[in-house]
1. Treating only the Cα positions of the stretch 4-71 as identical point scatterers, give the base-10 log of I(q)/I(0) from the Debye formula at each q in 0.14 Å⁻¹.
2. So if each residue of separation counts as 0.36 nm, and I subtract the Cα-Cα distance between Gln134 and Ser187, what length gain in nm does that give?
3. So between Asp4 and Glu314, what do we pick up on full extension, going 0.36 nm a residue minus the alpha carbon distance?
4. For the stretch 185-236 and the stretch 268-317, what is the separation of their C-alpha centers, rounded to whole Å?
5. Of all DSSP beta bridges in the stretch 118-202, what percent run antiparallel (nearest 5)?
6. To check my understanding: the extent here is largest minus smallest coordinate of the Cα atoms along each principal axis. What are those three numbers for the stretch 188-317, in Å, largest first?
7. Probe radius 1.4 Å, ligands and nucleic acids ignored: give me the carbon and sulfur share of the accessible area of the stretch 1-80 as a rounded percent.
8. Given the peptides 52-58, 239-245, 81-87, arrange them by the average over their residues of other C-beta atoms within 10 Å, most packed first.
Amino acid sequence: MRIDKRKVALVGCGMVGMSYAYALLNQTACDELVLIDVNEKKAMGEAMDLNHGLAFAGSNMEIYAGSYEDCQNADLVVICAGVAQKPGETRLNLLKRNGEVFRSIIEPVTRSGFNGIFLVATNPVDIMTRITCQLSGFNPGRVLGSGTALDTARLRYLLGEYLQVDPKNVHAYVMGEHGDSEFVPWSQAMVATFPILDLCGREGSMRQISRSVLQEIAGQVKGAAYQIIEAKQATYYGIGMALARITRAVLGDENSVLTVSAMLRGEYGQKDVFAGVPCVINGNGVKRVLELPLLQEELEQMDASCRILKESFEGVL
Ligand code: NAD
């Protein structure tokens, strides 16, 4: 019997990385997980801790602390490594320091002979994903970031709460930068097969909603990370689950539609920029960027967001 192990190499064993690893273990989303961190002792301790949960897990999994050489036969390298913003530090300076961190990661990963897919979570995620693509020289389809996957999940949760419908039956996306310039193209938002804009001010089988509630929800999505950071210093469970979902789409060759940060090559009138867009994700990474029929004003929001991303990337060069 040929046993083809689904192997994930995780670089960065902090709060985000380990929330992801814990989600992988609970979902038995891979067969082999290697933990890599500049702090080798931490990676070793985390591997021990996770291994002690194996007796209660749904299936067996090989988990160990390793090195970049272990990426050689990995299907996926997931990067959650990064340095935190120092008090008073500019965003650009933080970007430069994270650029250095990525240089120290991507080069040994590619040198290992790794030939799989990169998935990036480190912030600012759209820029770090583009840097990963540039440093690795990989085909852009094989480099993706978590993008607006988490923001989209937050949007669906809030809409589901308001409409009293399971978020899984809410089809709406957050697009653009994972950050302040992200936006919700409401013209594309549906609950079951009802366009959400049609529910505004109309009685029916679904709870009524209004434009002002939609704006409020979009604002809450944008402010969610700030609110969580203010309350508990960091966000990690939601992103851990989002990364696990993307991982299952890749390792299961699912062709699932997820809003990841992908290279745009003419879609939405944008070129050579990584931004959060709905994509078909499978074993080859980004199989296709879906080009939704956005309204003119939504295209303008996309354009403004991509402009910010381009300027940030150019600033870090
Ligand atoms: P953390 O400080 O807890 O963990 C960072 C880890 O990276 C640490 O274990 C550190 O040792 C490791 N590291 C640092 N430099 C390294 C290097 N050169 N090589 C290998 N490992 C290195 O931080 P966190 O809370 O886990 O956040 C990680 C990143 O995820 C941050 O950039 C954060 O902003 C981002 N994040 C992204 C999203 C999203 O939606 N994309 C959501 C939340 C957080």
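The values are calculated or read from the model by the stated rules, or taken from the named source; none is laboratory data. Here the structure is a predicted model, which is why all the values come from computation and not from measurement. Cβ sites come from the backbone with ideal geometry, for glycine too, and all protein chains shown count toward neighbours. Protein only, heavy atoms only, side chains kept; ligands, DNA and RNA dropped before computing areas. Shrake-Rupley method; radii C 1.70, N 1.55, O 1.52, S 1.80 Å.
1. Reported log10 I(q)/I(0), two decimals: -0.34.
2. On the way: separation 53, 0.36 × 53 = 19.08 nm, distance 3.39 nm.
The Gln134-Ser187 span can extend by a further 15.7 nm.
3. Gain on stretching Asp4 to Glu314: 107.5 nm.
4. Between the Cα centre of the stretch 185-236 and that of the stretch 268-317, the gap is 21 Å.
5. In the stretch 118-202, DSSP labels about 60 percent of beta bridges as antiparallel.
6. Ordered largest first, the stretch 188-317 gives principal extents of 50, 37, 35 Å.
7. 51 percent
8. Values: 52-58: 10.4, 239-245: 23.7, 81-87: 14.3.
Sorting 52-58, 239-245, 81-87 by mean packing, highest first, produces 239-245, 81-87, 52-58.
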